[in-house]
1. Output the residue which, of all residues in the range 80-97 that are surrounded by fewer than 19 Cβ atoms within 10 Å (Cβ to Cβ) and free of Cβ contacts under 8 Å to residues at least 40 places away in the same chain, is farthest from Thr38 (Cα to Cα).
2. Specify the residue that is modelled with the highest pLDDT; the eligible residues are those in the range 298-327 that are farther than 22 Å from Tyr218 by Cβ and among the hydrophobic types (A, V, I, L, M, F, W, C).
3. If a residue must be among the small types (Gly, Ala, Ser) and closer than 30 Å to Asp172 by Cβ, how many such residues does the range 100-132 contain?
4. Considering only the range 449-481, how many residues are farther than 9 Å from Gly291 by Cα and touching a Leu at 6+ places or on another chain (Cβ under 8 Å)?
5. Please give the number of the condition Ser317 fails out of (1) of a type in the set (Ser, Thr, Tyr); (2) part of a strand (DSSP E or B); (3) surrounded by 13 or more Cβ atoms within 10 Å (Cβ to Cβ).
6. Is it true that Glu287 is closer than 30 Å to Gly335 by Cβ and modelled with pLDDT of 85 or more?
7. Go through the range 299-313 and give me each residue that's in contact (Cβ under 8 Å) with a residue 60 or more places away in the chain and buried (at least 16 other Cβ atoms within 10 Å of the Cβ).
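The values are calculated or read from the model by the stated rules, or taken from the named source; none is laboratory data. Just so it is clear, the structure is predicted and the values come from calculations on it, not from any experiment. No Cβ is skipped: glycine too gets one built from the backbone with ideal geometry, and neighbour counts run over all protein chains shown.
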Amino acid sequence: MRKQLKIAVWVLAGTLGLLLAVYLGFAVYFRSHYLFHTTIGDYPCGGKTAQAAEKHNENLAADYLLTVYDRNAQKAHLRGMDFSYQYVPTGEEKRILESQNAFSWPTSLFRSYEYPLTASVSYDTEELAAQIDALPVFSEENIVPPADARIEITDKGYEVVPEVPGSTPIRDVVAAKITEALDREETEVWLLDDCYVAPAVCASDPSITETAAQLDHYMNAQIHYEIDGADENLTSERILSMLDIGEDGTVSVNADKVAQYVQTLASTYNTFGDVRRFTTSKGDTVEIGGGDYGWVINKPKEAEQIIADLNGGQPVSREPVYEQTAVQSGLDDIGDTYVEIDYTGQHLWFYKEGTLIVESDIVSGNMSRGNGSPDGVFKIVYKERDATLVGEDYNTPVSYFMPYCYNIGIHDAGWRPAFGGSIYMTGGSHGCVNVPPDTAKTIFENIDKGTPVVAYYREPVELKSESARISNAYSYVEPED
């Protein structure tokens, strides 16, 4: 009995020793091999060495193939060998092995160990760029530009034209997608909608509805112009012809088309330079035109106002925006405050609210030298105290200067011993109207900017000076070549 017990003890001790030897043997083995059921990335490497795992990754890189699908599921391939694609060991396989507890190998029989592999690969970026550029998706024959859905104006109104998706790839996005797939060692990549230039507006886009609403908004705005004796209206049909629809569906007013309409307004209703019948201080009547006095539509501001009115979307009744207005409406738009200059009689009158303030003989532009003062209906442009008049052959200080056309004005000429008569024919000024200092002072102190100036000759004359041309003088004629 004691012998049998002793044998049993030895058998048990032997068995335990064997098991311990096996346990320690496997523990030693798994110091250089991965535990059972170990997976790194997609590679089952249980029982294999880190070198084997590394070699596996190198072999995968050597045979690497990336399949690229476009948005129509057409595929193309990028082969790693064509752009020097290779695996770059980082030692991570070894670090994973070292992180495992070799003495825990028995538990690996019943559990799995999964490790992601932060792979490190290298490739020639220039060779890759060339391969990407050679993909069918970048072939000119395969590229169709996208087109936005839009509202198109027709003779019958407007209609919705559907969008065209097109097939224009975005190079940077495609390259980024492919590069990301390469870095992750993926085997396929899909170029979805985000890789293509997309239409900015689709037929279902709310902006299409908004475009139609904008068109209606603008067309609802109509302008009735309050012009005496005229019935001028900017109708919805004319408004529609002034509208543009942008690529994004935004409706805007075409400034050029508005400007064309404003030009028509100005050509029709501007009155400056019109010939007028003027009753002189002597009681007779002269006809005088030219100059720059009268109603003038301010074309830029009228265009701005039209655009503002159209943006408002409501009917409007108003006057045109004038750049300048006459003193009063009607044919006799000069009123009762004005300066009258009789160049032939060499005399000047200044009336204010119907009262004669001052009259005086004058000396106007030298006719013999081609400096005849411009005739027409003008207005005082500004007043200047202690001015210096400068020309090619003169530099003259004056105390009172009141220009009414171009560089021509009324001013004091204290250096003259006499005024009136025929002095102006051969001894006149460079074009300005010279008056005695007291007369100039009286006019200066009582006249306002914008006061009409009616200047005329009683017999036909030909004015050929540059100042006459620029001033729109009534008697200006083109010089002969």
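1. Keep residues of the range 80-97 that are surrounded by fewer than 19 Cβ atoms within 10 Å (Cβ to Cβ), which gives 81-82, 84, 86, 88-91, 94-95.
From what is left, the residues that are free of Cβ contacts under 8 Å to residues at least 40 places away in the same chain are 81, 86, 88-91, 95.
On the way: Met81: 30, Gln86: 24, Val88: 22, Pro89: 19, Thr90: 19, Gly91: 17, Arg95: 14 Å.
That would be Met81.
2. Checking each candidate, the answer is Ala326.
3. 5
4. Residues that pass the stated criteria total 3.
5. All conditions are met except number (3).
6. Numbers: closer than 30 Å to Gly335 by Cβ: yes; modelled with pLDDT of 85 or more: yes.
Against the criterion (closer than 30 Å to Gly335 by Cβ and modelled with pLDDT of 85 or more), Glu287 qualifies.
7. Answer for the range 299-313, where residues must be in contact (Cβ under 8 Å) with a residue 60 or more places away in the chain and buried (at least 16 other Cβ atoms within 10 Å of the Cβ): Ile306, Asp309, Leu310.
So that you can scan it fast, the table gives a plain yes or no per residue for (1) modelled with pLDDT of 95 or more; (2) not polar (S, T, N, Q):
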| residue | (1), (2) |
| --- | --- |
| Leu356 | yes, yes |
| Ser360 | yes, no |
| Ser364 | yes, no |
| Lys379 | no, yes |
| Ala387 | no, yes |
| Thr396 | no, no |
| Tyr404 | yes, yes |
| Asn407 | no, no |
| Ile410 | yes, yes |
